[in-house]
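K.L.:
The structure is given below, and queries will be raised subsequently.
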Amino acid sequence: MAFAIRRKRTRELLLIWFFLAPSLLIFLLYRIIPLLWNGVLSFEFWSPYKPAEFAGLYHYEEMLLYDDVFWQAFWNTAIFMASAPIGILIALLVAILVDTPIRGRNVYRTIVFMSYPVMTVAVGIIWQWLYNEKVGLFNYVLVSLGIVEQGIPFLETASLALPAVIVASIWQVLGFYMIILLTGLQNIQPSLYEAAAIDGANAWMRFRRITLPLLRPSIFLCFVIGIINSFTNFDLIYVMTDGGPSHATELLVTYIYRVAFKLAQFDYAAALTIVNFLFFVFLAWLANRLAGGEVGAVETG
Amino acid sequence: MNWKAILLNRYAVTFGTVAVVTLAWNTYIAMNDDGIIGGRVIGPQGQPVAGAAVVLSERTLLVTTPRGRTTTDADGRFTFTGHTFHRIWLEAEKPGVGAYPQTEYRMYFKGQNMILDEPLQLEPSAGGRSGKPS
Amino acid sequence: MAGVELRKVAKRFGDIEVVHGIDLVVRHNEFVVLVGPSGCGKSTVLRMIAGLEEITSGEIVIGDKVINELAPKDRDIAMVFQDYALYPHLTVFKNLSFGLEMQKIPAAEIRERVEAAANILNITDFLERKPRQLSGGQRQRVAMGRAIVRRPNVFLFDEPLSNLDAKLRTQMRTEIKKLHETVKTTVIYVTHDQVEAMTLAERIVVMRDGYVRQIGSPDEVYNRPNSIFVAGFIGAPTMNFIACRLTEGPQGLSLTLQDGSALPIPAELAERYGPQKNRDLVLGLRPEVFHQDEAPVVNGSRARIAPTIGVVEPLGSDTLFFFDLAGTEVVVRMPPLVGLRRGDTLPLTIDMGKMHLFDAATEQVL
Amino acid sequence: MNRFPKWVIHLGLGIICAAMMVPFYWVLKTSLTGENIFAYPPSLVPENPHLFYYVDVWYSIPFFRYLVNSVIVSIIVVVANVVLNAMAGFALTREFMGKGAIIMLFLSCMMIPFQVTIIPAYLITRDIGLLNTHLGMALPLCSTIVCIFVFKASFDAIPKSLIDAARIDGVPDWMIIFRIMVPLSQSAIATNIILAFIWSWNNFLWPLVIIRDNDMQTLPLGLARFLTVVEDSTGALYAFCIMVLVPGLVIFLLAQKQFIAGLTSGAAKG
């Protein structure tokens, strides 16, 4: 009988691994192996047409010491990240407003959220049109109000291109932030507010002492998403500016794409990728630290 | 779940509507895509012009290519058949009477049958070549 | 026609044995209740009978077949779960018919059986609803209905009433009893509630730590418990246990309590307890063997005490008085007495003929 | 908690919603406008509205071909996601050696953004011969960790007694999955379908990297290419935008609840 039980257990184990196998294979193929391969590639001279050759730290040296575009892309990525709080602040305001029991709040919610599932390529095209020098809506408004004489070529001006792209990016992710913050707000027990009101806290105190602290995990979650977003905002940049003018909007991810697939320097791009990844891990770790381990520390249950 | 609930399900309604509209639209296309374009050419005073040359050109986003040529009959009527375009330019000319400049006509699908209500009115001046958007 | 027989049935999870070789015979059409504190292995036994747990060793026989290796569906059993386990995505009707469909029973017969069961349980009006639209009691009925339609030889109930509120529980208890009378089958019922066990069972199986401690009719288990554990587990308020020694004095045998006071032992029990002289014993007295001083005592001799009342708990029909007897807190059940409160003296007679005496070391009855 | 008067809230939300809607409106307007769209000042309502730009888009590029490509890739991704994630999620509800390690592995994979893996992923795809194929586009998206955990949570929430009841009712083990687990995980399935659809429908970078063949372009690629090819036909470009956006938006509006539930549960998981 014990034999029968053991055989049944073996069959179950087989089934479990059979069920896990396809997903594991995909992650192995498209996450783990690529990451390791990148690591190897970054220490080699390699191109699709030549055999590999050990390069040591050559690419890293080149990147960190001589490549101005890398540094520009690095700082642009950092600025992109640093802009996240603006979006989160607006989203918090919207979330609080939408959380009130007013009529039509579901409609408001839907409208604010609607930009998120939209194809990013289309978002880029839409905003490019809004920024148009001659007939873009922004310039039309600015000119009509007499703020400027002539339309500003936002996306063609080095100093304005990055902020312009960031605005579009915030527009797209705002609804997502809002939903996360709203979920956080709704998870706060109403009795806490009632208790605080009985304790004599006014609205502002209640917001500061109850809402904000209890919303902290949600807010940090938004930060993390903002960080990830600044790493992955390839589509928007590619469509709106293609990294231009003169790398003013180059992010690490667009630079990697350009180096790898336009210049065919896969080895150098791999080194860029590794630096990009380490930067990302560092920030994720930092965010996790600041949040006191509340975000990203996923329970296994 | 009963059938009524399934039929009133919002997904069923949406996708059903899309399917029905697609089907109807394609049926309509199939019945109206013989590629017939008919119209009349009139002179500056509104009289029918016989023997005027009418040229049909295909217009794409990039280029314009002449695709057909015909002449009007005694009543000034002309007909093209079997065209396969959705965006065309028409021009008409009769030496001595005048010319009708290249004018854009757009259709909702390729080869749509189109009978022009407005006749092409020839102008005495030698026609300009620039097409004006309709 | 099917009884259930367990022969040396044991269950281990890894290295831990949770059921230690149990023997039990449940007769055809008998209502047997397995009762015990949580973790005593009673649910595991039930699940082994159902076929939801493997049997580590021993044999289970239903009817005259050893069913150790049979799948649950082939054991001719039905089970009612603690949380009802109704399929939330199916209507009540479908919940009832699901098992029958699995057995490939013709649709007409399924309908007939479901309607019959629905009639018995008064759930005919809810057949098209989903479980979440039902109240707790209604769900409970559906869960039983699902068992009834299978027309099994053995019904298994796993704490079926523990999710109901007190009033509904009492009501459903009665209905289960009636049901057993209507649908005559063998029933094995698991509960941790001794009241349920007492009211429902023809025979009670008291379990503890994976062992069967006593098997008997409710009357036997209540009046003739074989150990301190069974005596304490059955009955509410629980039996009073008082440490004592048996001594022989001028008036015959008596029990000397820790404070030196003595309670006489009735003459008719002298022979039975005689050999236990000068040993550490535990006296068990149920709360209802104490009577107000003047009350008549039917048999046996009396012991008199006059304790000072501590806590008073009026229950309406009865009143519970707590007091200290030789260093042990003792509870007695009295008819409602007017005017007695904390600190008053309550003169009592103890009906010593209904006492229980246990060995302090083995905790077994003497 | 707010003591603002209602109209202030409505005003605030109205302004924000207007800001959110303006870009959509502006594009819609441009795609319908009959007059010269470079006319200044731009009009606020479409003048001589017509639908011909849409017709132009339909015929001037193989729109239907792109649409079919997008649909094929999305179908592969959605089906694979639901099946594979449900399988993996189910496996994770069982106890087995190395379960903790697998969960750690999944979580650390979440830390690897796809962008970081793109070069070797391209090389791998080339080596297994999937460049320029639907399967190649779909494969990296075929299983997503977030959704595996959504499924795991959903399966864990099914009471064990329900499975026991089914076994007593005589449902074979493999059928328990279809008769009990699947119907009870409908919301997880819906969430997964919608998220997978939106991800694959909007996916741009990966197809951009592995697709060279004109016939294999998906809609986002077509859109981005249209931008560079056709400089003078802005109206058609915006008509294209609208045509690409509508399917995604319709799906989103239909399944908003599951979509948001999925995102928040996914987000809460890191």
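K.L.:
Given R₀ = 22 Å, what would the calculated FRET efficiency be for C:R224 paired with C:L269, taking r from the Cβ atoms and rounding to 0.05? Don't skip to the answer; put the middle values down first.
P.N.:
Values: r = 14 Å, r/R0 = 0.62.
Efficiency, from the Cβ-Cβ distance: 0.95.
K.L.:
Continuing with the same structure: In debye, nearest 20, what is the charge dipole magnitude of region B:3-71 about its Cα centre with +1 on Lys and Arg Cβ and -1 on Asp and Glu Cβ, if you could check?
P.N.:
For this selection, approximately 160 debye.
K.L.:
Take the Cα coordinates of region D:77-128, assign each an equal point scatterer, and use the Debye formula without solvent to give log10 I(q)/I(0) at q = 0.28, 0.30 Å⁻¹.
P.N.:
The Debye formula, applied to the Cα set alone, gives -1.02, -1.02.
K.L.:
According to the square roots a ≥ b ≥ c of the eigenvalues of the Cα gyration tensor, what is the shape class of region D:41-125, taking rounded for a/c under 1.5, prolate for a/b larger than b/c otherwise, and oblate for the remainder?
P.N.:
prolate
K.L.:
Find the percent of Cα-Cα distances in region D:137-243 that exceed 24 Å, and round it to a whole number.
P.N.:
Beyond 24 Å sits 50 percent of the P(r) for region D:137-243.
K.L.:
Moving on to the next point. Carbon and sulfur together cover what percent of the accessible area of chain A at a 1.4 Å probe radius?
P.N.:
65 percent
K.L.:
With springs only between Cα atoms under 10 Å apart, run a GNM on chain B and tell me which of B:F80, B:F109, B:F15 wobbles the most.
P.N.:
The residue with the greatest mean-square fluctuation here is B:F15.
K.L.:
Tell me which aspartates and glutamates have Cα within less than 15 Å of C:K11's Cα, excluding those fewer than 8 residues away on the same chain?
P.N.:
C:D23, C:E53, C:E54, C:E59, C:E69, C:D209
K.L.:
Averaged per residue, what accessible area in Å² does region C:72-154 show with a 1.4 Å probe, protein chains only? Present the calculation step by step, with values, prior to reporting the outcome.
P.N.:
Working: 3480 Å² over 83 residues.
That works out to 42 Å² for each residue.
K.L.:
In region A:1-72, which chymotrypsin sites (Phe, Trp or Tyr not before Pro) fall in coil by DSSP and have 10 or fewer other Cβ atoms within 10 Å? Spell out each step's value before the answer.
P.N.:
Numbers: sites: A:F3, A:W17, A:F18, A:F19, A:F27, A:Y30, A:W37, A:F43, A:F45, A:W46, A:Y49, A:F54, A:Y58, A:Y60, A:Y66, A:F70, A:W71; in loops: A:F43, A:Y49.
Counting only loop positions with at most 10 other Cβ atoms within 10 Å, the chymotrypsin sites (Phe, Trp or Tyr not before Pro) in region A:1-72 are A:Y49.
K.L.:
Give me the log10 of I(q) over I(0) for chain B at q = 0.14, 0.19, 0.21 Å⁻¹, as the Debye formula computes it from C-alpha points; what are the numbers?
P.N.:
-0.67, -1.03, -1.19
K.L.:
While we're here: State whether region C:36-192 is rounded, prolate or oblate according to the following rule on the C-alpha gyration tensor (a ≥ b ≥ c being the square roots of its eigenvalues): a/c under 1.5 gives rounded; otherwise a/b larger than b/c gives prolate, and the remaining case gives oblate.
P.N.:
oblate
K.L.:
Share of Cα-Cα pairs in chain D beyond 22 Å, in percent?
P.N.:
The answer is 68 percent, as a whole percent.
K.L.:
As a test of the definition: which semi-axes, in Å, follow for region A:92-141 when you take the square root of five times each eigenvalue of its alpha carbon gyration tensor? Largest first, please.
P.N.:
Here the semi-axes work out to 29, 14, 8 Å.
K.L.:
To the nearest 100 Å², how much accessible surface do chains B and D cover up together, summed over both, with a 1.4 Å probe?
P.N.:
Result for this pair: about 1400 Å² buried.
K.L.:
For region A:234-241, what does the Karplus curve 6.51 cos²θ - 1.76 cosθ + 1.60, with θ = phi - 60°, yield as ³J(HN,Hα) per residue in whole Hz, taken in order and with x for Gly and Pro?
P.N.:
Result, ordered by residue: 5, 4, 4, 4, 4, 7, 6, 9 Hz.
K.L.:
Determine the sum of side-chain charges near C:Y273: Lys and Arg each +1, Asp and Glu each -1, restricted to other residues whose C-beta is under 13 angstrom from that of C:Y273.
P.N.:
Neighbourhood net charge equals 0.
K.L.:
Per residue of D:143-150, what is the mean number of Cβ atoms on other protein chains within 10 angstrom of that residue's Cβ? Numbers along the way, then the final one.
P.N.:
Values: counts 7, 3, 3, 0, 1, 3, 2, 0.
The mean count of partner-chain Cβ atoms within 10 Å per residue comes to 2.
K.L.:
Sort C:S43, A:S230 by accessible area with a 1.4 Å probe, largest first. Don't jump to the answer; show the numbers that get you there.
P.N.:
On the way: C:S43 35, A:S230 0 Å².
In descending accessible area the options line up as C:S43, A:S230.
K.L.:
Based on the Kirkwood radius over alpha-carbon pairs, what value in µm²/s does the Stokes-Einstein equation return for the translational diffusion coefficient of chain C at 4 °C and 1.567 mPa s?
P.N.:
Using the Kirkwood radius from Cα pairs, D works out to 56 µm²/s.
K.L.:
Further, regarding this structure: Note down the accessible area of D:V45, probe 1.4 Å, to the nearest 10 Å².
P.N.:
90 Å²
K.L.:
Given a 1.4 Å probe and heavy atoms of the protein chains only, how would you sort C:D76, B:D117, largest accessible area at the top? Can you show the working numbers first?
P.N.:
Values: C:D76 65, B:D117 145 Å².
Largest accessible area first, the list is B:D117, C:D76.
K.L.:
Okay, moving on. If you average over every viewing direction, what projected area does the convex hull of the Cα atoms of the protein assembly as shown give, in nm²? Spell out each step's value before the answer.
P.N.:
On the way: hull surface 255.4 nm².
About 63.9 nm², averaged over all directions.
K.L.:
So what is log10(I(q)/I(0)) for region A:69-267 at q = 0.13, 0.14 1/Å, when the Debye sum runs over its Cα atoms only?
P.N.:
Log-scaled intensity ratios, in q order: -0.80, -0.89.
K.L.:
Report the accessible area of A:L25, computed with a 1.4 Å probe over the heavy atoms of all protein chains in place, in Å² rounded to the nearest 10.
P.N.:
100 Å²
K.L.:
In 10 Å bins starting at 0, how do the alpha-carbon pair distances of region C:323-366 split up by percent?
P.N.:
For region C:323-366, the pair-distance distribution reads 18, 44, 26, 12, 1.
K.L.:
Partner chain Cβ atoms within 10 Å, averaged over the residues of D:81-87 - can you pull that number for me?
P.N.:
On the way: counts 1, 0, 1, 8, 2, 1, 8.
Partner-chain Cβ atoms within 10 Å, mean over residues of D:81-87: 3.
K.L.:
To the nearest 100 Å², how much accessible surface do chains A and D cover up together, summed over both, with a 1.4 Å probe?
P.N.:
9000 Å²
K.L.:
Follow-up question, since we're still on this one. Would you mind classifying region C:33-95 by shape? Square roots of the alpha carbon gyration tensor eigenvalues, ordered a ≥ b ≥ c; an a/c under 1.5 is rounded, otherwise it is prolate if a/b is larger than b/c and oblate if not.
P.N.:
oblate
K.L.:
C:R213 accessible area, nearest 10 Å², 1.4 Å probe?
P.N.:
Only protein atoms counted, so the area is about 80 Å².
K.L.:
Right, here's the next one. Using alpha carbons only, how many angstrom separate the centre of region A:220-237 from the centre of region D:168-195?
P.N.:
Going from one Cα centre to the other spans 34 Å.
K.L.:
While we're looking at this one, here's another question. Grab the alpha carbons of region A:174-214, take their convex hull, and tell me the volume per residue in Å³.
P.N.:
Hull volume over Cα atoms, normalised by residue count, gives 62 Å³.
K.L.:
Let me ask you something else. Hey, rough spin-label estimate for A:E12 and C:D324, points 7 angstrom out along Cα→Cβ, what's it come to in nanometres?
P.N.:
For A:E12 paired with C:D324, the spin-label model returns 5.5 nm.
K.L.:
Just how far, in whole angstrom, is region C:54-71 from region C:193-218 if you go by their alpha carbon centroids?
P.N.:
23 Å
K.L.:
Counting only other residues whose beta carbon sits under 13 Å from that of B:H86, what net charge do I get with K and R as +1, D and E as -1? If you can, show how the numbers build up before the last one.
P.N.:
Values: positive: B:R59, B:R67, B:R87, B:R106, B:K110; negative: B:D33, B:E58, B:E104, D:D56.
It works out to a net charge of +1.
The values are calculated or read from the model by the stated rules, or taken from the named source; none is laboratory data. Small disclaimer: the values here were computed from a predicted structure and weren't measured. Neighbour counts are summed over all protein chains in view; Cβ atoms, including those assigned to glycine, are modelled from backbone coordinates with ideal geometry. Just so you know, the surface numbers come from the protein's heavy atoms only, side chains and all, with ligands and any DNA or RNA stripped out. Shrake-Rupley method; radii C 1.70, N 1.55, O 1.52, S 1.80 Å.
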